[in-house]
1. Please identify every one of the trypsin sites (Lys or Arg not before Pro) in region B:72-141 that sits in a loop by DSSP and has no more than 14 other beta carbons within 10 Å of its own beta carbon.
2. Along the principal axes of its C-alpha atoms, what lengths does region B:165-265 span, in descending order and rounded to whole Å?
3. Using r as the Cβ-Cβ distance of B:Glu300 and A:Gln90, and R0 as 30 Å, what FRET efficiency do you calculate, to the nearest 0.05?
4. May I ask you to list the chymotrypsin sites (Phe, Trp or Tyr not before Pro) in region B:79-136 that are in a DSSP loop and have at most 14 other Cβ atoms within 10 Å of their Cβ?
5. Restricting attention to the alpha-carbon atoms of region B:123-222, what are Rg (one decimal) and Dmax (integer), both in Å?
6. With N set to the number of residues, divide the alpha-carbon radius of gyration of region B:10-126 by 2.2 N^0.38 Å and report two decimals.
7. Percentage of Cα-Cα pair distances in the protein assembly as shown greater than 46 Å, rounded to whole percent?
8. I'd like the Karplus ³J(HN,Hα) series for region B:11-16: coefficients 6.51, -1.76, 1.60, θ = phi - 60°, whole numbers in Hz, and an x wherever there's a Gly or Pro.
Amino acid sequence: MDILISGLLLGGTYVLIAMGLNLQYGVARIMNLANGEMIVLGALASFWVFTSSMVSPLLTLFLVAPIAFVGNWLIYRLLLVPLVRRAKNQGQLEVDSILATFGMSFVLVGIVVSLHGEYFTYSFLASPLSILGTTVALNRLVAFAFAVVIGLVLYLWLNHSRAGMAVRAVAVNPDSAKLVGINVLKVSALAFAVGGAVSAVAGVLISTFITLDASVGVIFTMKALIIVIMGGVGDIRGAIVAALILGLVETAVATLIDPGLTLVSAYLIFLLVLLFKPQGLFGRAQT
Amino acid sequence: MSRKEVVPLLIGVVLVVVAALVPYVANGYWLSIALTAMMYIALSTSWALFSGPTHYISLASGAFFGVGGYLVATGMSDYNQSFWLMMAISALVATVLAGLIGLATLRLSGVYFVIFTLGLAEMIRNLVSWVQNNFLGSRGLYVLTDFTEAHIYWMLLAVATAVFIFGWLIDRSRLGFALKIIGNDETVARHVGINTAWTKVILFMSTGFFAALVGAIIAPRYSYIEPNLVFSPELSFLVVIMALLGGTHRLWGPLVGVIPFTLIWEAISIWIPNFTTLFLGLAFLTIVYFIPNGFVGLFEKLRAKSRSWQ
């Protein structure tokens, strides 16, 4: 029961991380390997604001989201559009964007290290709470609740708004989307920016219960990628299920065997997915 | 052999001889830099043999390198085996490992492969640390040999030379031809009857083999080994940067990238160590935006331009 509840709470945060990456990869077709650094930046902002002026991270969210949105939008327009234009095919764009986002990831890590080289430690809502006989920290629960709300808003936006429909159209097929009058570049930039903002918000929430430092971004990127692939690229529903599975398995392995093996368990899942269901949990086989 | 083939071969022989003489003129600090450069020459060239034509970016070098170093250390320290035996075993293990990873991931698109190799070194390090802490007792491993830096350097030179010979042979073989077609268009390659998955897997296995050899040879240099030291993700990135900086579409391309980059990297690590990560990032961005085909590509473009003016 302990494992189930903590696993689900962890999975809830993973959902948020994976949603950010899913928008960026599923729609803008950019495999953003600097995604984890957005999480770290969000966490750093929250840490700074909290330690300097005692502002609740739950308020910092509303500050971080627009900044991350604009920042990611600029990254897409200035750095990634030239690559999209230059690429002769999808394969080349993939290689270029992987290398470019690796570069960005290292640059961001370098900047964060020079800003704040130590752990982002602060204590927020760290009081115990009992649910169904399991003791959980209040901050985890609050983060989970926020993740659910944000996920829901995102889901509604994607499925019940005009802009959301355009985003989904581009995700399905950019070439056909052009034919019905969608400005693919603009929609891609929008999706990339929203994805970045979601990741940064996830960073703010995660920093309330996990102590981060400059170098952990890549671990989050890894996990987000595994979730996105397991759930199926561009599939929000799949990502939610996959995130919960990963959260549960990691918690189970950490409590039953050894906390040092969480990455190994994530890899095991990844390997199984690649071997048996490379198109994602709910994906159909590609033709 | 035609004249066109003899000249590069002669240049190659001369270069190897010159490189072999380095320990007689350089010592201490400069020899250690030459050693590092030689290590990256072997790793980057071998990396480019696979990634150049296939465009699959492998970040597994660090993992295979670690397998090499760690197995040598474990075998020598805990089981009293000879260095040579452990070197052979580690190369074999890494080759098999690369084969398994290749079979699981190389059938799919490049993204899956990059992601899988991205965390591989870290994952193996976690696994090894866990096994060591729980079953073997956590103690350091000592690699005590009577090799000097010059010996290690010569062994690496031998590996690097072997990589070049291997690359040259591949280039002339059916395998190399198949690789070029895959690189240009994988669908076409499949249609003309090339087993694309196997071709890629075999080449990937060769990178595992060479990286483990290099890792095994480097182990005596450290003398004290622990998982955190040998399974370094940074190494994988350095290998990629150096190869891309030089250019991966020529066998000698990575060589042109390794030498200047090793020197700059060395200088930065000494003078401004906090700047290394940022520098790594800037190097990646520079390559993608300004020199996508490496120094070799830049050089070839300039030469073509000057010819068209004449």
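Just so you know, all these numbers are worked out from the coordinates, no wet-lab data involved. Computed from a prediction, not measured in an experiment: that's the story for all the values here. Note that each Cβ is placed from the backbone with ideal geometry, even for glycine, and that neighbours are counted across all protein chains shown.
1. B:Arg139
2. Sorted largest first, the three principal extents are 51, 27, 23 Å.
3. It comes to 0.70.
4. B:Tyr79
5. Rg then Dmax for region B:123-222, in Å: 19.4, 54.
6. Rounded to two decimals, the normalised Rg is 1.27.
7. Value for the protein assembly as shown: 17 percent of Cα pairs lie more than 46 Å apart.
8. Using θ = phi - 60°, the values come out as 4, x, 4, 4, 4, 5 Hz.
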